[in-house]
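A quick write-up on the structure given underneath.
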Amino acid sequence: MWKAPLFIIALFVSEGVNAQRKFTDVTQQAGIDHAFEIFQGIFGGGAAVLDFDNDGFEDVFITGGEGMDALYRNNGDGTFTDITEDAGFEDLEGVITQGAIGADVNKDGLVDLFITTIAKVANGRFEATSNFLYINTGNGKFVNRTRSYGLDQITFSTGAAFGDINNDGYPDLYVSNFFNRFGGRLDEKMGVISEGDRAPAHDLLYLNSGGGRFIEVSETYGFSHTGFGFGGVFTDYDNDGDMDLIVINDFGYQATPNLLYRNEFPKQEFTDVSKAMGFDLAINAMGVGIGDFNMDGWLDYFISNIASSPLLVSQGKRDQPFQNKTRELGTSHPNLHTLDGREVSTISWGANFFDYDNDMDLDLFVANGCLNPTIFPNPNLILENFNGQFILNGPSLGLSDASIGRGSVTFDFDNDGNLDLLVVNQTKIGNSEMPFTNFGVKLYRNEGFGNNWLKVKLRGRKSDRNGIGSRVEAYAQGKKLIREIDGGSSHISQNSTIAHFGLAQLDRVDSLYVRWIGGDVQRFYDVDVNQLLEIDQESLITNLEKEAPISSFKLYPNPTSKHLNLSIAGLTSPGGIEVEVINTLGQVILSQSVDGESIAKDSVLTVNLPENLPRGLYVVQFPSHPSIKPLKFKKE
C-alpha cells in the first residue's frame, strides 16, 4: 500500500484545515504607521511588548533607527494610537536606536523601558553614545533616568535583556555591544577584523541595586569576552531555578562564537559552558527563539543565522550537550524561493516559538531580511510543528512577506486568545530599483483556528513584578507545556510577558505550576480554559483552590517524575483512606494508608514514587472509597 510522504501529508493538512484560517495584515486599520530608518546599512531594529498603562491591553514600543521611535498605546478596540510625542522621548532625537526591552526596574507596578543605541549621527558620521533608561511615571509619561541609574556608559550597543540573576526580586540587565570603536561606513563590507577600527566590544552586565541604581559587574561575575554582540538572552537552560545567559554574536568565525554561561548562584559567578554544551557556534548569529517544542520539560533554542539556522535541542540532562537537529527536524532553510520563483540565500533575524494555531505544540516564526543596501526579496518563514517535525507553511497563512525584516514579537493584542505577530521592517537605502514595496512595520492579526487556550499573567512581589524568568507549567492530557517569561529575545526585541498555552479541544487544564524566580512555587488544578488567569505571588489560597470539588481527588503534577500530590480538600473520612498506584497490568506498585486525623489536618496528600519506577502510564485508585473514580498519570 502506497503511503504519502510526510511533507505531502503535512501540506494537505495545512492547506485543507487552514485554508480559510490565516493571519491578516491589519497594520493600516490598526493605526500603525512606522518604519525603521536605516543609517548607511545593516543594523536594527526591534520592538518591545508592554502594558505601560496597566489597562489590560498590551502596547508596543518600536525603535526607529535614524528616525523617531514610536510608543503605540493599545486602545482596546483593535486600534493603536501613537503617543510618542507626548510621552517624553525627545532625548532620542538624533540618536540611532536599535532594540528595546521593558521591566519594572523600581518595583512601583509600572513597566519601564530600556532602549539600546548603536550611535548618534554627527557631521554624517557615527559617534558612540549611551543607551537610554526611561522610567514610567504612571500618567502616560516617561522620564529619562539613564544617568541617575548609572547606565550612561558610551557604547555601540545592539540588544539587551532583563533577568534577575541573584534572585533578589529586582531585574538585572545585560547589554550587548558590537564595536569597541568604529570608523568608516556601515554599508561597507566588514572584512578582516582588526585590533583597531571595528574591533569587537566587551558586553556589560548590570546588577539592579534595590530599584534605584544599576552597578556594572561584568568583571565580578567573570565576563571577559569580546564579540560582535547581537544580544544576551537570560534563560534557565538547566532547570535549576536561576537565570543563565546565552550571548549571540555576529561574525563568530572571525571573532568570538556564541556563548553559554551557567549561573552559579548563590555565588556571584557565571561559568562558560559554551563548548561543553554545544553552544560555541561560529556563525552569524542574529537572534534566538526559546521554547520547549517537543514538550519534554527542557527548553530548546533556535538561533537565527545567515543560511541554515541551528535548532539546539536539549537532551534533558544538565551535563549533556545540546544537539543541533535543524536538518532532521525541518528548520534548515539555507535557500528560499520567492513568489516569483527566484532562489535566494536566507538571512534570518527575529525568531519566535509560539503556538499560533492553539493545538498545544509550539510552532516557529522566522523574520528574514536582506543585508541592506544589497536589496533582494527574503521571505519570512512560518514553520508549523507537525508531530515534532517542522513544515514550511508561510504562503498559506499570509506571512511570507519579503521585506527587510529584523525584530519580531508575539502578543495577543486584541485579547481573543490567539497570538498575533508584529515584524519590524527597515526602509531601503539609496535609489536602487526595489523588487518589493513593503518597508514598514507589519502587524498580523491571528484569525484563530477554533481551539481552546489559556493565558497566565504573573504579578510578582518578592520576584520581578512581571515574573520575568519565571516558569509557568501546564499539565493537560498527559502533556507538560512550559513557558518562560521573556525578558528579551528574538532579534533585539521582547515578546509578551503573558504566558500563552494552546489547548486544542481540551476543556480543562489538569494542573498548573508557577515556579517563580527566587524559589516560590504555586500550584493550581482543574483550571478552566479560554481565560486570562492573573496570579499574584502573595496569594496563598486562590479562588481555584477554594472551589475544589468536595469529596473528590485531584492529581498533580501530571506527568511527574518523583511524586504525586493528591488534593483532598473537603473530604471527610474519619476511618482514613487507602491509596494504591497500579501499572497497566493491574499490578500494585505501592500502597499507602492515611489516617483520618491527617486528612482533617491537611488538604494535600503527597505520594512519593519509587526511584526505579519505569516511565509509562499508571493509575491511582482508592480501595477504601470505590465511589471515587481512579485517576491516570504519566511517569516521565
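The values are calculated or read from the model by the stated rules, or taken from the named source; none is laboratory data. None of these values were measured; they are calculated from a predicted model. Neighbour counts run over all protein chains shown; Cβ positions are idealised from the backbone, glycine included. Protein only, heavy atoms only, side chains kept; ligands, DNA and RNA dropped before computing areas. Shrake-Rupley method; radii C 1.70, N 1.55, O 1.52, S 1.80 Å.
Here are the numbers:
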| item | result |
| --- | --- |
| Residues (open to solvent by less than 10 Å² (accessible area, probe 1.4 Å) and in a loop (DSSP other than H, G, I, E, B)) located in region 278-289 | Phe279, Ala285, Met286 |
| Search result, residues across region 436-483 that are open to solvent by 10 Å² or more (accessible area, probe 1.4 Å), over 30 Å from Asn166 (Cα atoms), in a strand (DSSP E or B) and modelled with pLDDT under 95 | Lys479 |
| Breaking point among (1) at pLDDT below 95; (2) out of contact with any helix residue (DSSP H, G or I) (no Cβ under 7 Å at 6 or more places or on another chain); (3) assigned to a loop (DSSP other than H, G, I, E, B), for Met68 | (2) |
| Residue among Ile154, Ile135, Ile118, Ile165 that is in contact with a strand residue (DSSP E or B) (Cβ under 7 Å, 6 or more places away or on another chain) and under 20 Å from Gly350 (Cα atoms) | Ile118 |
| Residues of region 338-356 classified as of a type outside the set (A, V, I, L, M, F, W, C), open to solvent by 10 Å² or more (accessible area, probe 1.4 Å) and at negative phi, total | 5 |
| Looking only at region 389-413, and only at residues there that are assigned to a loop (DSSP other than H, G, I, E, B) and more than 19 Å from the chain's Cα centre (by Cα), the one that is surrounded by the most Cβ atoms within 10 Å (Cβ to Cβ) | Ile404 |
| Odd one out for Ile62, checked against (1) in contact (Cβ under 8 Å) with a residue 40 or more places away in the chain; (2) surrounded by fewer than 18 Cβ atoms within 10 Å (Cβ to Cβ) | (2) |
| Evaluation of Pro377 against (1) modelled with pLDDT of 95 or more; (2) assigned to a loop (DSSP other than H, G, I, E, B) (one fails), failing number | (1) |
| In region 355-382, the residues that are of a type in the set (A, V, I, L, M, F, W, C), more than 19 Å from Glu447 (Cβ to Cβ) and free of Cβ contacts under 8 Å to residues at least 60 places away in the same chain | Cys370, Phe376, Leu381 |
| Residue within region 308-329 that is among the acidic types (Asp, Glu) and not in a loop (DSSP other than H, G, I, E, B) present | yes |
| Single residue of region 484-513 satisfying the filter (at pLDDT below 95 and in a strand (DSSP E or B)) that is most open to solvent (accessible area, probe 1.4 Å) | Arg508 |
| From the options Gly570, Gly576, residue that is open to solvent by 40 Å² or more (accessible area, probe 1.4 Å), at positive phi and either of a type outside the set (S, T, N, Q) or modelled with pLDDT of 75 or more (or both) | Gly570 |
| Residue satisfying condition, being under 26 Å from Pro559 (Cβ atoms), under 21 Å from the mean Cα position of the chain (by Cα), among the charged types (D, E, K, R) and open to solvent by 10 Å² or more (accessible area, probe 1.4 Å), within set Asp361, Asp292, Asp319, Asp300 | Asp361 |
| Region 87-106, residues that are open to solvent by 20 Å² or more (accessible area, probe 1.4 Å) and closer than 30 Å to Gly460 by Cα | Asn106 |
| Test: Glu433 is surrounded by fewer than 24 Cβ atoms within 10 Å (Cβ to Cβ), modelled with pLDDT of 95 or more and over 20 Å from the mean Cα position of the chain (by Cα) | no |
